[in-house]
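Worksheet: the structure to be examined is printed underneath.
The values are calculated or read from the model by the stated rules, or taken from the named source; none is laboratory data. Worth saying up front: this structure is predicted, and the values here are computed from it rather than measured. A quick note on method: Cβ atoms are made from the backbone with ideal geometry, for glycine too, and the neighbour counts reach across all protein chains shown. For the accessible areas, the whole protein counts, side chains as well, though only heavy atoms, and no ligand, DNA or RNA atoms are used. Shrake-Rupley method; radii C 1.70, N 1.55, O 1.52, S 1.80 Å.
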Amino acid sequence: MSTPADSIEIQNVVASTGIGQELDLEALAEDLPGADFNPDNFPGLVYRTQNPKAAALIFRSGKIVCTGAKSIDDVHEALGIIFQKLRDLQIPVEEDPEITVQNIVSSADLGHNLNLNALAIGLGLEDVEYEPEQFPGLVYRMDEPKVVILLFGSGKIVITGGKQTSDAETAVVEIVDRIEGLGLLG
């Protein structure tokens, strides 16, 4: 029998890194095929990798944010491609720049419809935001792991704020325990 934790899927991994030097984004945009740079709209250069599918936001400061990857391995692979492209353009990049995961967004299915009004009260109003006129989901701020869970009436949930993949699993097990403890699951 499958559990809600078995339904977890990573939707997005956001990570940051840097190459420790300023970049000329105008020149980089010309030298890097497929790069998008429109400083009137966004201060960074956007470079997309196809395999793995991810986007790197490259800033003048040398800081780089990778987003859209589906795993931490994909982040490392996409940034490895970008580091090599920069090296190929004679931009010095150290062998193994530090990469920091900032956020992992995952989704899961609890397998049951949820009564969000009852949950808002049961989970404790201090950790919950629920204004169905504004947003159809209940926002639950969990302390351990430190994540935010969006719960929807359909039983679908989104976990955001995780720093490692195990945070989503821990959060799902914890929220299922809390909801079952309130007698509100199924």
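One line per residue, one yes/no per condition, for (1) among the charged types (D, E, K, R); (2) touching a residue at least 12 places away in the same chain (Cβ under 8 Å); (3) farther than 21 Å from Asp74 by Cβ:
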site	(1), (2), (3)
Gln11	no, yes, no
Ala15	no, yes, no
Ile19	no, yes, no
Leu23	no, yes, yes
Leu28	no, yes, yes
Asp31	yes, yes, yes
Ala35	no, yes, no
Of all residues in segment 118-137, how many are without any contact (Cβ under 8 Å) to a residue 24 or more places away in the chain and closer than 19 Å to Thr170 by Cα?
-> 2
Tell me which residues, restricted to segment 59-89, are surrounded by fewer than 17 Cβ atoms within 10 Å (Cβ to Cβ), within 18 Å of the chain's Cα centre (by Cα) and among the polar types (S, T, N, Q).
-> Ser71
Do you know which residues across segment 156-174 are of a type outside the set (Asp, Glu) and in contact with a strand residue (DSSP E or B) (Cβ under 6 Å, 6 or more places away or on another chain)?
-> Lys156, Ile157, Val158, Ile159, Thr160, Gly161, Gly162, Lys163, Ala168, Ala171, Val172
What number of residues within segment 25-62 satisfy the criterion of being touching a strand residue (DSSP E or B) at 6+ places or on another chain (Cβ under 9 Å), within 16 Å of Arg87 (Cβ to Cβ) and part of a loop (DSSP other than H, G, I, E, B)?
-> 3
Determine, yes or no, whether Ile82 is within 27 Å of Ala54 (Cβ to Cβ) and of a type in the set (A, V, I, L, M, F, W, C).
-> yes
Could you grab me the full set of residues in segment 112-131 that are open to solvent by 60 Å² or more (accessible area, probe 1.4 Å) and farther than 23 Å from Lys163 by Cα?
-> His112, Asn113, Asn115, Asn117, Ile121, Leu125, Glu126, Glu131
Residue ID - nearest to the chain's Cα centre (by Cα), chosen from residues in segment 40-58 that are over 19 Å from Ala29 (Cβ atoms) and surrounded by fewer than 15 Cβ atoms within 10 Å (Cβ to Cβ) = Lys53
For segment 148-174, name all the residues that are outside any strand (DSSP E or B) and over 18 Å from Pro132 (Cβ atoms).
-> Lys163, Gln164, Thr165, Ser166, Asp167, Ala168, Glu169, Thr170, Ala171, Val172, Val173, Glu174
